[in-house]
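Peer 1: There's a structure below that I have some questions on.
Just so you know, all these numbers are worked out from the coordinates, no wet-lab data involved. All values reported here derive from a predicted model rather than from experimental measurement. Glycine also receives a Cβ, built like all others from the backbone with ideal geometry; neighbour counts cover every protein chain displayed.
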Amino acid sequence: MSHSHSHPEQQPTPPMNDFSRQSWEERYKSRESVWSGRPNGVLTEEVETLEPAHALDVGCGEGADAVWLAGKGWHVTAVDLSATALARAAAHAEQAGVDSHITFTDGELDEVIANEGPWNLVSSQYTHPGQGSRWLVSTLAEAVAPGGMLLIVGHHPTDPHAADHPDLKDAAFAAEDVADVLSRDAWEVSATMRERTTYEADGRERLWRDSVLIARRHG
Ligand SMILES: C[S@@+](CC[C@H](N)C(=O)[O-])C[C@H]1O[C@@H](n2cnc3c(N)ncnc32)[C@H](O)[C@@H]1O
């Protein structure tokens with residue numbers, strides 16, 4: 001069974017011991033691909049109607065979201081701390097003919113934010129950094145331009161999958177528990193739990209519960 005989010009491939013994957021750079025790199029190296037290549041549903045739903053500008057995709061993995069954004073006309077900075085994931089992401093971007101719209105950066109998300117930006121859209125899809133979800137919200141908020149959108153999706157603590165994976169359970173968060181990091185003077189905030197279903201290779205249904213934090217920075 002795959003330990004992952006919206007669109008895992010069907011082969012088994014080794015368990016993760018932690019969320020460090022090394023464990024991510026080992027996980028990517030252990031398989032030809034970890035994710036399905038399809039963009040995440042919350043991103044496509046929420047961003048479809050936005051005017052394309054500059055986007056930051058943190059924890060971009062194998063690049064499906066960055067490629068989708070670039071195809072919609074966004075200029076994307078895509079950051080990950082796994083060189084293997086980034087190489088795959090860059091190859092996908094080239095295949096899709098959108099590589100000139102994406103800058104891939106190997107590094108920690110906070111270091112990139114300290115040196116670049118801001119962006120009109122900042123997206124984090126299941127990044128779950130070791131510093132925790134409150135840190136993630138406050139760090140990414142710094143990177144959002146006036147009038148821009150912050151979109152953070154992660155696993156909800158009641159996700160049935162989290163019960164089998166202690167690391168994931170520790171990293172999971174409820175969006176409403178981190179929403180207070182953002183001042184309502186500067187942000188319009190929506191914090192929800194969304195359910196979705198995927199299908200295993202054998203046809204079995206799997207229910208997922210995601211935390212979705214969407215915040216618009218006042219202009
Ligand atoms: C669960 S994967 C999600 C990948 C991609 N967003 C997707 O939805 O397919 C999380 C990714 O975040 C990256 N990551 C974790 N912590 C990070 C950090 N502090 N800075 C940059 N990337 C990080 C990992 O290397 C991994 O590729």
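Peer 1: For the chain, calculate the relative contact order in percent as a whole number, restricting contacts to Cα pairs under 8 Å that are 6 or more residues apart.
Peer 2: Over the chain, the number comes to 17 percent.
Peer 1: Between Leu207 and Glu45, what is 0.36 nm times their sequence separation minus the Cα-Cα distance? Round to one decimal in nm.
Peer 2: That works out to 56.4 nm of additional length.
Peer 1: Shape call for segment 52-217 from the C-alpha gyration tensor, a ≥ b ≥ c root eigenvalues: rounded (a/c under 1.5), prolate (a/b greater than b/c) or oblate?
Peer 2: oblate
Peer 1: Would you mind counting up the charge near Asp106? Only other residues with Cβ under 11 Å from its Cβ, with Lys and Arg at +1 and Asp and Glu at -1.
Peer 2: Surrounding charge for Asp106 is -3.
Peer 1: Also, quick follow-up: Compute the relative contact order of segment 67-157 as a whole-number percentage, counting only Cα pairs closer than 8 Å that sit 6 or more residues apart in sequence.
Peer 2: Relative contact order comes out at 26 percent.
Peer 1: Mark the label point 7 Å from the Cα of Glu25 along Cα→Cβ and return the residues of segment 54-81 whose backbone N is within less than 13 Å of it.
Peer 2: Output list for this probe position: 81.
Peer 1: Cut-off 10 angstrom, C-alpha nodes, Gaussian network model of the chain. Which of Arg27, Arg88, Arg204 fluctuates the most?
Peer 2: Maximum among the listed residues: Arg204.
Peer 1: Hey, another quick one. If R₀ is 41 angstrom, what is the calculated FRET efficiency for the pair Asp164 and Glu142, using the beta carbon separation as r and rounding to 0.05?
Peer 2: The computed FRET efficiency comes out at 0.75.
Peer 1: Additional query: Which one of Ala66, Ala89, Ala186 has the biggest mean-square fluctuation once the chain is modelled by GNM with Cα springs under 10 Å?
Peer 2: Top of the fluctuation ranking is Ala186.
Peer 1: Asn115 to Ala186: extension gain in nm, 0.36 nm per residue of separation minus the Cα-Cα distance?
Peer 2: Roughly 23.3 nm would be gained on extension.
Peer 1: Based on DSSP, what percent of beta bridges with both residues in segment 52-217 are antiparallel, to the nearest 5?
Peer 2: Details: 20 of 40 bridges.
Counting DSSP beta bridges with both partners in segment 52-217, the antiparallel share is about 50 percent.
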